Amino acid sequence: MKTLENKVAIITGSGSGIGKAAALLFAKEGAKVVISDIQEEHGKQVVAEIIKNGGEAFFIKADTSIPEDNEALVKSTLEKYGKLDIAVNNAGIGGPIAPTGEYPLDGWKKVIDINLSGVFYGMHFQLPAMEKNGGGSIVNIASILGMAGTRNSPAYVAAKHGVVGVTKAVALEYAAKNIRVNSVGPGYINTPLVMNALDEATRGFLVGLHPIGRLGESEEVAELILWLASPKSSFVTGSYYPVDGGYLAQ
């Protein structure tokens, strides 16, 4: 039997990067996957790839910074599949790079709205559906910067610390209701968000920050997400798991 046989999973930001890798892996392991992204073309391509490989999926366009989009995402999932077992709140952006005294105020708001409020909005609507279903698992994608700081990204660091904190709070609230909530802290991962935004010298600098000597791959993060989403991690809740090539061990 496959690890996620007969499970229904929502994965936000699953049109590319870590979200896409998780979606493909979940489908391979038997889950019905709801692909959600603001990039409709990318999301539909992931759905097509899953179906081509014998899996089941459909796409819903949603902006996680908008509460109503999160509500509609869960509602559409229930209409399509009748339940919700797993949610991976992965959608996020990097935001501007500037010291706090010069950081654009609209940039702060956008990063917090997507990276932190979006996770809260997601859980706000996911949790009642899971409770009605008798339980579930939520995996929130934080970052190594949910545990450490870095210069010139105050909004991103604040948001990811917030994701780690709200994950713990919600895990305590819903532990008795058979809903587990955990967070994952990727290091710098070889995704479009990183590779397209940085020049070669900067990417080389980032590689040097990881004792393992390279950036991570989305598929490596997806394996951890799968474990946390599955019954194999049944005694795990309220935890933060880095997958960072040794970054936080320094």
### Query
Under the condition of being among the β-branched types (Val, Ile, Thr), surrounded by 15 or more Cβ atoms within 10 Å (Cβ to Cβ) and over 12 Å from the mean Cα position of the chain (by Cα), which residue from the stretch 93-135 is nearest to Ala176 (Cα to Cα)?
Ile112
### Task
Please find, among Val157, Val184, Val164, Val139, the residue that is part of a strand (DSSP E or B), touching a helix residue (DSSP H, G or I) at 6+ places or on another chain (Cβ under 7 Å), under 19 Å from Tyr247 (Cα atoms) and not small (Gly, Ala, Ser).
Val184
### Members of the stretch 82-92 found to be crowded, with 19+ Cβ neighbours inside 10 Å and out of contact with any Asp or Glu (no Cβ under 9 Å at 6 or more places or on another chain), listed by number
Leu84, Asp85, Ile86, Ala87, Val88, Asn89, Asn90, Gly92
### Task
Return a yes/no flag: does the stretch 51-64 have any residue that is in a helix (DSSP H, G or I), over 17 Å from Leu127 (Cα atoms) and modelled with pLDDT of 95 or more.
yes
### Among the candidates Leu248, Leu226, Leu206, Leu198, residue that is in a helix (DSSP H, G or I) and either without any contact (Cβ under 8 Å) to a residue 12 or more places away in the chain or within 30 Å of Gly135 (Cα to Cα) (or both)
Leu226
### Task
For the stretch 16-24, indicate whether the set of residues that are buried (at least 19 other Cβ atoms within 10 Å of the Cβ), on the phi > 0 side of the Ramachandran plot and not hydrophobic (A, V, I, L, M, F, W, C) is non-empty.
yes
### Query
List, please: which pairs have Cβ atoms under 8 Å, are six or more places apart or on different chains, and start with a residue in the stretch 64-86 that is over 19 Å from Gly134 (Cβ atoms) and end with one that is surrounded by fewer than 16 Cβ atoms within 10 Å (Cβ to Cβ)?
Pro67/His124; Asn70/His124
### Task
Read through the list (1) without any contact (Cβ under 8 Å) to a residue 40 or more places away in the chain; (2) part of a loop (DSSP other than H, G, I, E, B); (3) within 16 Å of the chain's Cα centre (by Cα), then give the number of the only condition that Ser14 fails.
(1)
### Query
Looking only at the stretch 1-15, which residues are of a type outside the set (Val, Ile, Thr) and crowded, with 19+ Cβ neighbours inside 10 Å?
Leu4, Lys7, Ala9, Gly13, Ser14, Gly15
### Query
When the stretch 80-106 is examined, which residues are found to be within 13 Å of Val157 (Cα to Cα) and part of a helix (DSSP H, G or I)?
Thr100
#### Entry: Flag if Ser76 is part of a loop (DSSP other than H, G, I, E, B) and of a type in the set (Ser, Thr, Tyr)
no
### Query
Within the stretch 242-250, is even one residue acidic (Asp, Glu) and surrounded by 13 or more Cβ atoms within 10 Å (Cβ to Cβ)?
yes
### Message
Condition first: more than 25 Å from Gly101 (Cα to Cα) and in contact (Cβ under 8 Å) with a residue 40 or more places away in the chain. Can you find one or more residues in the stretch 148-163 that meet it?
### Response
no
### Task
Could you please find all residues in the stretch 49-64 being farther than 14 Å from Ala23 by Cα and not polar (S, T, N, Q)?
Lys61, Ala62, Asp63
### Message
Need the failing condition index for Leu116 against (1) part of a helix (DSSP H, G or I); (2) more than 25 Å from Lys75 (Cβ to Cβ), just the number.
### Response
(2)
### Message
Any residue in the stretch 91-114 that is closer than 21 Å to Ala62 by Cα and among the acidic types (Asp, Glu) sitting within a Cβ distance under 7 Å of a residue that is at pLDDT 95 or above and surrounded by 17 or more Cβ atoms within 10 Å (Cβ to Cβ)? List the pairs, counting only those 6 or more apart or interchain.
### Response
Asp113/Ser65
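The values are calculated or read from the model by the stated rules, or taken from the named source; none is laboratory data. It should be emphasised that the depicted structure is a prediction, and the values quoted were computed from it without experimental measurement. Backbone-built Cβ (ideal geometry, glycine too); neighbour counts: all protein chains shown.
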